Amino acid sequence: FVFVFHFICLLYFIFVIFSFLFFLIVLFDHLLFLFFFFFLMIRRPPRSTLSSSSAASDVYKRQEYGLCTLLSILKSLVQIHTTTMATINPYTISRDMYKEQRQRLSDTLKATTGADDTVAVLLKGASDVPRNYSDTNFFFRQDSYLEYLFGYEVQDCFAAILPGSATSILFVSRMPEAYAVFMGPQPSLEFIKNAAGVDEVHFVDEINKVLTDKGIKTIHVLSGINADSGHPMNTASFEGDSAFTIEKDTIYEMLSNQRVIKTQKEIELLTWINGVSSRAHIDVMQKCKPQMSQHQLEAMFSFHCFFHGGMRQMSYSCICATGNSCAVLHYPDNDKTVIDGQMALLDMGGEYHNYASDITCSFPVNGKFSDSQRIIYSAVLDAQMQVFRALKPGAKWLDMHMLALRVMAGHLLKNGFFTAEATVDIIMEKHIMRLFQPHGLGHLMGMEVHDVGGYPKGGSVRPTSPDGKCLRTTRAMEKGICITVEPGMYFNQVLLTAAFADADISKYLNEAKLREFWEFGGVRIEDDVIITDDGILNLTCCPRTIEEIEATMAGAPFTKAPEVISN
C-alpha cells in the first residue's frame, strides 16, 4: 500500500512539472506574438540619404529591403494568426442586388415595348477560353451582362427573365459522370436555385421545352458591337430557336444604359473594392525602393488584393512603369529595374465578381519629390482637383476634359515649356495639349474597367477634334454614374519628336526645356468617383498631395475615407 501511494505521488509530481513547463511554453509563445505585433506596428526607419552609386548605399539598400521583406512576411503571419476564419468572399454580395437589376430591366422593357407574358429575355454565359491551341484554359470570367443580372459564375449557362411574370430562370449544362472526377460533383438544381436566388433551374437542353411550356413567343437576345473594342456581343442561340420570334434590336442598348447608372448596392460594393485596391496601392508605395524590379511592384499589389480582398483577378493588366516608361500609356512589360530618382506610375485595380476598380498613383521611387517632379505632379493634381470641383449632374464630360487640359496648359506655360508667343488660348486652339495627354480624361466603370454605355444610340457622338477624339464618352453626367478622373502629363518622345518637325506647332514649343524632361516619363493621377445629387463621392482613398505621399513613403500610416465633394 505504501509503495502504491508513493508511486501515485510521483506521477502527480511529474504531471505538475510538465503542466508548469507547458504553461511557460504557452506564455512564451504569446509574449513572442505580442513582441512581433507591437514591433511591426512601429514606424519604419527613415530612408538612407547615401548616394545610390556608393557601395555602402547598395549594402544598406539590400539590408533594408531584406528587413522589409521579412517584416512583410511576419505581418502576414500576424494577420493570419488573428483571423478567425478566412474566405474567398470577404464581401458578401446580396442576391437582392441582382434581383433589383432584373426588375429594372423588366420594368423598362414593359414600359417601352409593352412586353407581356409571351416575352422572354435570354442571355448566354461565357465559355472557357483555351490558351492558344492547348487543353488548358485562361481563368474563367463570366459574361458581364449575365453576371450583372444573375451573379452566376459557371461556364456555358443560359439565363432567362420573363418580364410578364417576373420569373428568373437559369439553364445549366448537363455534365457527364466523368466531370466529377476532374472538377468535383455538379451541384443539384435545387442547390443552384437557392444559391443563385432564382425562381427555377433547368438544363440547357431543356430551354426549348421550358420556354414553350410557358407560352413564350418572342425572345429578346443581346446583339450589338462594343463601342470601345469593336467586338460583338455574346448572342444567345439554342436548338429549336427558329420556332420563336428572335428580337435583336432592343436589349443591348437598354441594358447598357441601365448599367451606366449604379444602384445603391452597387455603389457600396464599388466602395469596398476601391478600399481594398487603395490599401494595396499604399502597401506598394511604402515598400517600393530603388533597385527593386517593376514586376515586384505588380506582385505586391496582386498579393494584397487576393490575400485581403479575395480578388483572384485584376480588372486589367497591371501597369507598373518607372522612368521614361511612364510615358507609355498602357505599358505592358513591368520588367525593368527601379532606378533612384525616377518617377513611378502604377495603374492597377482589383476586380471582385466582375466589378472593377481603376486607380493610378504616381510618386518618386525614393520617396522625395525633386523640383522637376513637383512641377509636373502639381500640374496634374491641380487639373484633377478642378475637375472634382466642377463635376455634378448635368456637367458635360467633354467640358471636363477640356478643363483639365486648360489647367495643365497653364502650368506648362508658367514653367517655361512654351515659347513667349504662346498663350493658353493658342495652346488650346492649336490642340497642342494632345502631345502631353494623348488620352481622354476618364471612362465609365462598373462590370468592365471600360464599361459599356459610353456612346448610346441616339445619344452623344464621339468628337472628331485632335484632343477630343480619344474620349470614351461625352455623356452629360447623371446621378449614379461611376466614372474615372485621370488627367495625365507625359513626355512621349515619339509625339514630341514629330511635333518638333511640325512648323505650325514647333514655334510654340520650348524644345530645349522639353529635352530637359526627355527621360522624365510622365504622371497620371486616377480616382474613381460616383456622381451624386450635387457633386461626387470619391471612392479612391490614396495619398494624393505631395506632403501625404512623402509622409506615407517615409513610413507614416495613411488612412482616408471616401470623400464627398458638393458643388
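The values are calculated or read from the model by the stated rules, or taken from the named source; none is laboratory data. Here the structure is a predicted model, which means the values were calculated and not measured. In this analysis, Cβ positions are derived from the backbone assuming ideal geometry, glycine residues included, and neighbour counts consider all displayed protein chains. Just so you know, the surface numbers come from the protein's heavy atoms only, side chains and all, with ligands and any DNA or RNA stripped out. Shrake-Rupley method; radii C 1.70, N 1.55, O 1.52, S 1.80 Å.
Laid out as a table, the results:
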read-out	value
Calculated FRET efficiency for the pair residue 560/residue 478, C-beta based, R₀ 22 Å, to 0.05	0.25
Added length on full extension, which subtracts the Cα-Cα distance from 0.36 nm per residue, residue 423 to residue 518	31.9 nm
Pairwise label distance in nanometres, residue 246 with residue 340, each label 7 Å out on the Cα-Cβ vector	6.5 nm
Inter-probe distance in nm under a simple model that places probes 7 Å from Cα toward Cβ, at residue 116 and residue 228	4.1 nm
Protection proxy ranking, peptides 327-334, 292-299, average beta carbon neighbours within 10 Å, highest first	292-299, 327-334
Helical mean residue ellipticity (222 nm; -39500 (n - 2.57) per DSSP H run of 4+; nearest 500) of the chain	-13000 deg cm²/dmol
Reachable aspartates and glutamates, given that their alpha-carbon falls under 16 Å from the alpha-carbon of residue 368 and they are not under 8 places away in the same chain	340, 547, 548, 550
Kirkwood Rh, Cα atoms: Rg over Rh of the range 409-567	1.02
Proximal lysines relative to residue 265, as straight alpha-carbon distance under 17 Å, when same-chain residues fewer than 8 apart are discounted	99, 479
Contour minus Cα-Cα distance for residue 399 and residue 547 (0.36 nm per residue)	50.3 nm
Residue (of 485, 514, 538) at the positive-pole extreme of the range 484-567, dipole from beta-carbon charges	514
Test item: Cα-centred dipole of the chain, Lys/Arg +1 and Asp/Glu -1 on Cβ, debye	1120 debye
Relative contact order (%) - the chain, alpha-carbon pairs under 8 angstrom, separation at least six	13 percent
Area of residue 272 that stays accessible when all protein chains are in place (1.4 Å probe, Å², to 10)	50 Å²
Under the span-like rule (Cα at least 30 Å along the axis, Kyte-Doolittle mean at least 1.0), DSSP H helices of the chain	2-41
Packing-based ranking, highest mean first, of 485-491, 103-109 given that Cβ atoms within 10 Å are counted	485-491, 103-109
Reach of residue 469 by Cα under 19 Å, taken over aspartates and glutamates that are not fewer than 8 positions away in the same chain	228, 399, 429, 451, 486
C-alpha center-to-center spacing [the range 148-213, the range 471-505] in angstrom	44 Å
Of [x] 49, 33, 28; [y] 44, 43, 19; [z] 40, 30, 22, the label for semi-axes √(5λ) of the Cα gyration tensor in Å derived from the coordinates	[y]
Förster radius 41 Å - calculated FRET efficiency between residue 88 and residue 464 (Cβ-Cβ, nearest 0.05)	0.30
Rounded to 5, percent antiparallel among DSSP beta bridges of the chain	80 percent
Distance violations [Cα-Cα > 28 Å] among 110/209; 392/560; 262/430; 336/507	262/430; 336/507
Spin-label model distance (nm) - residue 17 vs residue 127, 7 Å beyond Cα toward Cβ	7.3 nm
